Amino acid sequence: MKLHRLVLTNYRGITHRDIEFPDRGVVVVSGANETGKTSMLEALDLLLEAKDRSGKKEVKQVKPTHADVGAEVVAEISSGRYRFVYRKRFHKRPETELTVLAPRREQFTGDEAHERVRAMLAETVDLDLWHAQRVLQSAPMSAADLSGCNALSRALDVVAGEVDDAPAPGDVDTLLIDRVEEEFRRYFTSTGRPTSEWSAATARLRAADADVARYAAAVAEVDEAVRRHVTLTFDLAQLVDESATAAARLTRVRKAAGEVAALRGELDQASVRSQAAKSAYTASRAALTERRRARADIDERAAAVALLQTESEEATESLDTAAEMQVAADEAAVQARSALTASQERLDTARSAVQRLADREEADRLASRLATIERNERELGAVQQGVTAITLTDALMAAIEDAAAAVGRATVAVEQTAAHVEMVAAADVDVRIDGDALTLRAGETWSAGVTSVTGVDIPGVLSLRVVPAASATATQASLDAATAALTQALSKAGAADVESARALDRRRHELRAARQQVDAILRALTADDSADELRERLRSLAARMPAEGGLFDAHTGESLDPAAQRRELIEATAVHQQAIRDCETHRKVAEEAGKLLAQRGLRAARLMEKLQAAQAELTAAGVRLTEQRAAATDDELAVTAEADAEAAAKADALVVRLGEDLARHQPESVAAALAEAERGAAAATARREAAIEALREVAAQLKVYGTEGRKGSLDAAETEREHAEAEYLRVQRRARAAQLLRSVMGRHRDAMRQRYVDPFRGEVERLGRIVFGDSFEVDVDSQLCIGARTLSGRTVPYESLSGGAKEQLGIVARLAGAALVAKEDSVPVVIDDALGFTDAGRLAKMAEVFDAVAGDGQVIILTCSPQRYADVRSAQHIKLFAS
Amino acid sequence: MKFLHTADWQLGMTRHFLNGDAQPRYSAARRGAVTALGPLAAEVGAEFVVVAGDVFEHNQLAPREVSTSLEAMRGIGVPVYLLPGNHDPLDASSVYTSPLFVSEKPDNVVVLDRPGVHDVRPGLQLVAAPWYSKAPTTDLVAGVLDALPGGGSRAGSAGGGVTRIVVGHGAVDILVPDKDRVSLIGLAALEAAIARGAVHYVALGDKHSRLSVGSTGRIWYSGSPEVTNYDDIEPDPGQVLAVEIDESEVSRPVRVDAHRVGAWRFMSLRHGVDNSRDVADLDINLDQMPDKERTVIRLGLTGSLTVTDRASLDACLDRYARLFAAFVPWDKQTDIAVMPADGEFDDLGIGGFAAAAVDELVATARSAGDDAEDARGALALLLRLAEGGAA
C-alpha cells in the first residue's frame, strides 16, 4: 500500500491541507507543534475505518473547531493492483465517495464505497502490519508486535524457506491455521478452557445424569412403597390370624369367667338370704330378750317405789320434829329480847343520874372561875386609872432631865461670871433684894451672884445697886432661858420640879408593871374560854339543872350518893351486856332451827316427787308389757326365735357350700386369664389396626405416585441422558481432535517460526549495528518480539532499556520488518515525532538506517524537529504551516 | 367362535434411542396398533379380544398415557380382556386399580383381575392367570389349571360343553435356558390340560415375537402388535392372532391366523467397509430402505479405512442418522480400523510446518497409543478444514 495524497478540510483545527507524498523513500513531514501532523494519520485511519455517519467518539473528536461544517478527508491510495481516490465527509452532510482508478475505473458512494474499500484493503493490505509498523507519539514504547502480520510472516517464510530449502508455504497454511483455531474455539476458550459447544455438552450430560438419578430415586420410591405394601399385606394377614386366635381365646376365657360370675351371683344371693335369716333370728332373739328385760324392769321399779315410799315417810317425820324445834327456839328468842329491853332501861336511868351529878360540879367550878376573873378585871381598871392620870411620859421625862442639866450648866456659868455678892447679916436686917424682902438673921450670910442689875435695898438703910458686867448678863440670860425651858417641861409634866418629876416617873413605871401582871393573870384565866363563853356554859348548865329535884332521889327523896349511882351504872352496864349476848344466842338457835326445817321440807318434797315419777314409770312399763303381751305372748316369742335360729343355720350352710364351689372354680386365675386374654386381644387388634393404617398410608402414597407418571419421567430422563451422552461423546471426539490438531499445528508452527526468527533477527541486527555498533545482538522470540538486547556482551531485557534505546530499537525493528516484506506487501512505515530521546550521534546513525532501508517502501516521518532527520540523505522534506 | 389374541402392548414404552420426534410417532403407532384391532375384529368377526399381559409398560404411567390408551381400547368395540402381566402386575401400585383407570375404563374393557375362570358367555370361559407382583413365586398358569374341573381322571369329558381359553403371561419352560426359575410356565401341565380337554387354547404373552409353543398348535404367543426390539431378538413381531375355535366339535379344533398391524421395523444390519466402494455400497443399501422414518437401524460395521474414507463414511452415517427414526451404532458388532494411507495428505496444498504437523499426526494415528483415536479425528478434521470446511 502506498499513500499518494492526503487532503484534510475542516478537520480539527485544520481548514485545508493538501499533501502529496512521494511514491517511495523517506519523507519527512515537519511542522510546529499543533500543526496537525498526528491528525493526518488519525484522519487516514478514520477514513479507512469509520463510516461517514459514525457517531463514534473518535469521529466526534475531529469536528472542526473553527466552522460548523463537516470534516472532510480525501486520500489517494494505491494498494496491490488497486489505485483509488477515497473521500469522506463526517458530521455535517456526511458523504462517502470512492473513485477507483485502477485496474479499471469505478465509482462508488455511501456504504457501498466503504465496503468496497474495506474489501480491497483486506485483499491487498496486511492491516496488522500497517498498524504494527507505526511509531506513534501517543502509543507506549512497546516492542513491535509483528507476529500476527501475515505479510511479514510471508516474507519471513520466504526467507526461512530459502534458508531451509523447503517448499514455500502459501496462503493455504495460514487459512488452515485460522480454521483450526476457529474449530478449536468452538470448543475451547483461548486459554484452553471448555466453552460453548463442549461445555454445553458436558453440562447437558451432567444435568441428564442428575435427572436420571432423581427420577430413578422417585421410581425406587414407588418400588419401595410397593414392596412395603406387600410386606404390610403379609403382616396384616398374620395379624388378622393372630387377632382371631386372640379373640377365640378371649371367648373361651370369657365363658369360664361367665360361669364363675354366675356362681358368684348365686353365692351373693345365698349370702344375702343367709344374712336376712341371720338378721331375722337376731331380731326374734332380741324381742325375746327385750321381753325378759321388760319383766325384770317392772320388778325393779316396784322395788324402787317401795324403797322410796319408806324414805319419804321418814323424811316427813323428821320434818315435823324440826318444826317443833323451831317453835321452841322462837319463844326463847322473844324472851331474850324482852330481857334485853329491861336491862337497857336500867342502864339509861343510871347513866342520866351520873350525868346530872357531873353537871352540877361543873357549874360550881365555872362560877368560881368567873369570880376570879371579875376581881382581876377590877384591879386592872384601877391600875389603868392610875396610869392614865400621869401625864408624864418617857420622852417628857427625858426632856426634863435634859433641861435640868442645861440649867445646872448655866447656873455654874453664871456663878463663875457673875459678881458674887455675899452679905453677911450682922444683925437681923430685912433686906430687899430687887424688891424681895429677905430677913437675914444675924450671922446669916447671903450670897448671890449678880448677873443682872441687882438692887439690894436695906430698906432705908441703903439701896445698893449691883450692876454686873456685860458677860455676866449674857450668861444670866442663857440661864434664864434654860430655866424657862425647865419650867415649861415641868409644867407639862405636871410636876413641880425635877424631883417630883422624877418621882412621878417612878410611880408611872410601877403602875405599868402592875397592869402587866394583872393583864397576864386575866389572860391565863381566859386562855381556854372567854369569860363570855364560860358564862354561857354556866348558863346552859344551870338551865339543865333540875330545880333541885334531880339532886335527890325521887323515891327516897334522899340525896343520892354519887358513888352509889356510879356503881349502879357499872352494874347496869354489865347486866345489859349479858342480855345482848343471850339474845344473840337465841336468835342464832332460832335461825338454825329454821334452816333445818327448810332442808327437811325440801328433802321430803323431793322424795315425794321421785316416788311419784317412779310410780308413773312403773305404771307405764306395766302398760307396755301388757300391750306387748297382747301382740305376742312370751311363749310365742320363744318359739319364733327357735325357728329363726334354725333357718339361719341352714342359709349359712348353703353359703358355705356355694363358697366352696366357687373356690373350686379358681376365680382368681380365671380373672387373671380373662385380663390376659383381653389384653392380648386388644394388643392384637391394635397391631392389626396399625398395620391397616400403615397399609392405607402406603396405598394412599401409591395412589399419589400413580398419578405422577414417574416411570415415564424416568424413561424421558434416560432418553435424554442417552442423547446427551451421545452428544457428549461426539463433541468430545471433535473437541479432542481439534485440540490435538491445534496443538500439533501450533507446535510445528512455533518450530517453524523459530526458524523465521533468524532472518528477522539478522535484519534487525544488520540495521541495529548501524546504530549500536558491531557488538549489537538481539534475542527475538517466536512471536517476533525483541526480548533482549546484547551490547558488548551485556544483555539487557527490552523492558529495562532506556527510553531512547527502546525507541531506536522499536524503529529499527519496524524498519527491519518493512525491509523484509515483499514489495507488493509493503505498507508505509509511519514514525510520528520519534527520536526525541535520541542524542545527536545516534541521530546521525539512525539517519543512516533510514537511508539503508529507503527503497521501494514509503517511510513517512512526522516531526516538529526536522533537523533530527537532516542527515537522512535520501529524505524528501515537506513543511507544514498552521492553517 | 373367533377372537383376537394379542399381548405385550406395553403402552407407555419409550425407546431412548429414538430421535427427537420419533418417540411420539412411535408411541402413536403403538396406540394405532391397538386402534387397528377394532376394524380387524370386525373384519374377522371376532367376538372379543384377549390381551395376554403387559398391556402397559409399567404401573407408573402418566395420566395422559392411561387416558389415551383407554380411549384406543374403547374404539375396538368388542369386549377387551386385559391380563395384568409382569410389567403391569396387580400390585399395590397397579394401574388397574388406580382411580383414573377405574373411572375412565370403557364398558368393553374387562380386567382379568383374579386367577381362575371368567365367564365370557355361557359355554365360553377365560381361565386367567394374572400377575400380582413382578416376581411371582409359582407357576401361575399351573395354579389356575389345577383348579379347573375335570382334572386328569375324567379326561375327554372334562370340558362339559364349555370352551376354555387360558390367558397367561410369562416364559414357557422349554424356551428358556434357566429352567429352575419358579415362575416359568410348565408346558407339560398345559399340554396335559389340553389333552384332557379342560382347555382348548392357551393365549400367552411375554414373548414379543409370534410363536407357537409345543406341538398342539393350541399354545401361542401372539407377539406384540408393534415391534419393540431389533429383528435379531424379535424376529416376528407386529402381528395379532385371529383364533377360531370350532365349538361344534367336541375336540374344539383351533385355527390361528396372523394379521399384521405393526408399521415399524427395528433392524440390525452388519456391513463390512474397507474402502470407498464399500462405503458407497452401504450408502446405496441404506438409501434403498423404505419407510425410513418408521425404521430403526442398528448398524454394525467392520473393516479398515483410510482417514479420508472414514470421513466419507462418517458423513454418510451422519446423513442417515438424520433420516431414520433412529440410527444406532451397534457397538458390539462394530470394529473399524482407521489407518491414514500413504500420501493421503499430500494433495492438501499445505507445506512447511503444516506438512510436518500432518506427518506427526499420521504417525500417531498409525500407532497403537492412546492418542491414536484423537489423531485420526484430528486428521479427519484437517481434511475437512483443508477441503474448505464442508462442515
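Bear in mind these aren't lab numbers, they're just calculated from the coordinates by the rules spelled out. Model, not experiment: these values are computed from the prediction. Here the Cβ is made from the backbone with ideal geometry for all residues, glycine too, and neighbour counts use every protein chain on show.
For B:Val182, what charge total do you get from the other residues with a beta carbon under 13 Å from its beta carbon, if Lys and Arg give +1 and Asp and Glu give -1? Each step should come with its number before you reach the end.
Numbers: positive: B:Lys179, B:Arg181; negative: B:Asp139, B:Asp173, B:Asp178, B:Asp180.
Charge balance in the 13 Å sphere: -2.
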Quiz item: With springs only between Cα atoms under 10 Å, which of B:Gln60, B:Gln288, B:Gln239 fluctuates most in a Gaussian network model of chain B?
Solution: B:Gln288
Quiz item: Counting alpha carbon pairs within less than 8 Å and at least 6 residues apart, what relative contact order, in whole percent, applies to chain A?
Solution: 27
Quiz prompt | Computed [θ] at 222 nm, deg cm²/dmol, the protein assembly as shown (DSSP H ≥ 4; -39,500 (n - 2.57); rounded to nearest 500) | solution = -20000 deg cm²/dmol
Quiz item: ³J(HN,Hα) across the stretch A:854-867 via Karplus (A = 6.51, B = -1.76, C = 1.60, θ = phi - 60°), whole Hz, x for Gly/Pro?
Solution: 5, x, 7, x, 9, 10, 9, 10, 9, 7, 9, 10, x, 5
Self-check item: DSSP bridge orientation in the protein assembly as shown - percent antiparallel, rounded to nearest 5
Solution: 60
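Rg/Rh for the stretch B:285-391 to two decimals, with Rh computed the Kirkwood way over all alpha-carbon pairs. Please list the in-between numbers first.
Details: Rg = 15.9 Å, Rh = 15.2 Å.
Expressed as Rg/Rh, it is 1.05.
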Self-check item: Dipole-positive endmost among B:Leu4, B:Asn19, B:Val338 within chain B (Cβ charges, Cα centre)
Solution: B:Leu4
Quiz prompt | Stokes-Einstein D (µm²/s) once Rh is taken as the Kirkwood radius of the stretch A:174-276 over alpha-carbon pairs, at 20 °C in 1.002 mPa s | solution = 97
Self-check item: Charge-dipole axis of the stretch A:313-444 as Lys and Arg at +1 and Asp and Glu at -1 on Cβ define it, positive-most pick from A:Ala323, A:Ala342, A:Ala367
Solution: A:Ala367
Quiz item: With point charges of +1 on the Cβ of Lys and Arg and -1 on the Cβ of Asp and Glu, referenced to the Cα centre of the stretch B:288-391, which listed residue (B:Phe353, B:Leu383, B:Thr364) lies farthest in the positive direction of the dipole?
Solution: B:Leu383
Quiz item: Assigning unit charges at the beta carbon (Lys, Arg +1; Asp, Glu -1) and nothing else, what dipole magnitude in debye, to the nearest 20, does the stretch A:251-322 show about its Cα centre?
Solution: 1540
Exercise. Quick one: check the C-alpha center-to-center distance for the stretch A:831-870 versus the stretch A:496-529, whole angstrom.
Key: 190
Quiz item: Can you list the HN-Hα couplings for the stretch B:172-186, worked out from phi with the Karplus curve (6.51, -1.76, 1.60; θ = phi - 60°), rounded to whole Hz and with x for Gly and Pro?
Solution: 7, 4, 6, 8, 10, x, 8, 5, 7, 4, 5, 8, 4, 8, x
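Per-residue Cβ counts within 10 Å, from other chains only, averaged over A:256-263: what number is that? Before the final figure, lay out the partial values.
Numbers: counts 0, 0, 0, 0, 0, 0, 0, 0.
Mean shielding by partner chains, rounded to a whole number: 0.
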Self-check item: A:Leu438 long-range amide H proximity, modeled H, under 5 Å
Solution: A:Val431, A:Arg432, A:Ile433
Quiz item: Can you give the translational diffusion coefficient of the stretch A:301-407 in µm²/s, computed by Stokes-Einstein from the Kirkwood radius over Cα pairs at 25 °C and 0.890 mPa s?
Solution: 101
Practice problem: Scan around B:Leu269 for amide H atoms under 5 Å from its own, H built in the peptide plane at 1.01 Å from N, and keep only partners 5 or more places away or cross-chain. | Solution: B:Arg298, B:Leu299, B:Gly300
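Apply the Kirkwood formula to chain B: the hydrodynamic radius equals the inverse of the mean of 1/r over all pairs of different alpha-carbon atoms; give it in Å with one decimal.
23.8
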Practice problem: Taking the Cα centre of the stretch B:188-324 as origin, sum charge times position over the Cβ atoms of Lys and Arg (+1) and Asp and Glu (-1), and report the length of that vector in debye to the nearest 20. | Solution: 220
Quiz item: Which residues' amide hydrogens lie under 5 Å from the amide hydrogen of A:Thr96, considering only partners 5 or more residues apart or on another chain, with H built in the peptide plane?
Solution: A:Arg89, A:Gly110
Exercise. Starting from the Cα-Cα distance between A:Gln599 and A:Arg214, subtract it from 0.36 nm times their residue separation and give me the gain in nm to one decimal.
Key: 126.1 nm
Quiz item: Relative to a virtual label point 7 Å from the Cα of A:Asp178 in the Cα→beta-carbon direction, which members of the stretch B:342-386 show backbone nitrogen distances below 20 Å?
Solution: B:348-355, B:381-386
Self-check item: Dimensions in Å of the stretch A:39-143 - Rg and Dmax from alpha carbons
Solution: 14.5, 42
Quiz item: Suppose R0 equals 25 Å; then what is the FRET efficiency for A:Glu824 and A:Arg769 from their Cβ-Cβ distance, rounded to the nearest 0.05?
Solution: 0.30
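Quick one: Kirkwood hydrodynamic radius for the stretch B:1-80, alpha-carbon pairs, angstrom, one decimal? All intermediate terms of the calculation are to be shown ahead of the outcome.
Values: mean 1/r = 0.0759 Å⁻¹.
Evaluated over the stretch B:1-80, this radius sits at 13.2 Å.
For the stretch A:455-548, what mean projected area does the convex hull of the alpha carbons give, in nm²?
Mean orientational projected area (the stretch A:455-548, Cα hull): 14.4 nm².
Looking at this model, which pairs from A:Lys845/A:Lys879; A:Lys37/A:Lys57; A:Lys703/B:Lys207; B:Lys179/B:Lys292 are more than 28 angstrom apart at the alpha-carbon? Don't skip to the answer; put the middle values down first.
Numbers: A:Lys845/A:Lys879 23 Å; A:Lys37/A:Lys57 20 Å; A:Lys703/B:Lys207 30 Å; B:Lys179/B:Lys292 40 Å.
Too far apart for the 28 Å limit: A:Lys703/B:Lys207; B:Lys179/B:Lys292.
Per residue, how much space in cubic angstrom lies within the convex hull of the C-alpha atoms of the protein assembly as shown?
Values: hull volume 1058.4 nm³, N = 1274.
Per-residue hull volume (Cα only) is 831 Å³.
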Quiz item: the stretch A:363-454: percent of C-alpha pairs farther apart than 24 Å?
Solution: 61
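Determine the shielding of peptide B:90-97 by partner chains: average, over its residues, the number of Cβ atoms on other chains within 10 angstrom of each Cβ. Walk me through the numbers on the way to the answer.
Values: counts 0, 8, 17, 13, 3, 1, 0, 4.
Per residue, the number of nearby Cβ atoms from other chains is 6 on average.
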Exercise. Compute the acute angle (0 to 90°) between the alpha-carbon long axis of helix A:110-124 and the principal axis of greatest extent of the alpha-carbon atoms of chain A; round to the nearest 10°.
Key: 70
Quiz item: With a Cα-only, solvent-free Debye model of the stretch A:420-499, what are the log10 I(q)/I(0) values at q = 0.12, 0.27 Å⁻¹?
Solution: -0.48, -1.12
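Suppose every K and R has +1 on its Cβ and every D and E has -1 on its Cβ; what is the size of the dipole of the protein assembly as shown about the Cα centre, in Debye to the nearest 20? Working shown, then result.
On the way: 152 positive and 195 negative charges, 696 e Å.
With Lys and Arg at +1 and Asp and Glu at -1, about 3340 debye.
Within 10 Å of each Cβ of B:358-366, how many other protein chain Cβ atoms are there on average?
Values: counts 5, 2, 4, 6, 0, 0, 2, 0, 0.
Mean partner shielding for this stretch: 2.
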Quiz prompt | Gain upon complete extension [A:Ala630, A:Gln754; 0.36 nm per residue less C-alpha separation] | solution = 28.5 nm
Quiz prompt | Radius 11 Å from Cβ of B:Asp54, net charge of other residues (Lys, Arg +1; Asp, Glu -1) | solution = -3
Quiz item: Build a GNM of chain B with springs between Cα atoms under 10 Å: which of B:Gly53, B:Gly214, B:Gly343 gets the top mean-square fluctuation?
Solution: B:Gly343
Quiz item: What are the ³J(HN,Hα) values, in whole Hz, obtained from phi via the Karplus relation 6.51 cos²θ - 1.76 cosθ + 1.60 with θ = phi - 60°, for each residue of the stretch A:464-475 in sequence order, with x given for Gly and Pro?
Solution: 8, 10, 8, 10, x, 4, 3, 5, 5, 4, 4, 5
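Taking Rh as the Kirkwood radius, which is the inverse of the mean 1/r over Cα pairs, what is the Rg/Rh value for the stretch A:746-865?
On the way: Rg = 14.4 Å, Rh = 14.9 Å.
Over the Cα atoms of the stretch A:746-865, Rg/Rh equals 0.97.
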Exercise. Round to the nearest 0.05 the FRET efficiency obtained for A:Ala672 and A:Val240 when R0 = 30 Å and r is the Cβ-Cβ distance.
Key: 0.70
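Between A:Arg118 and B:Asn275, what is the FRET efficiency for a Förster distance of 51 Å, r being their Cβ-Cβ separation, to the nearest 0.05?
Numbers: r = 47 Å, r/R0 = 0.92.
Efficiency, from the Cβ-Cβ distance: 0.60.
Can you give the Kirkwood hydrodynamic radius for the stretch A:322-381, in Å, rounded to one decimal and based on Cα pairs?
Numbers: mean 1/r = 0.0616 Å⁻¹.
Kirkwood radius, the stretch A:322-381: 16.2 Å.
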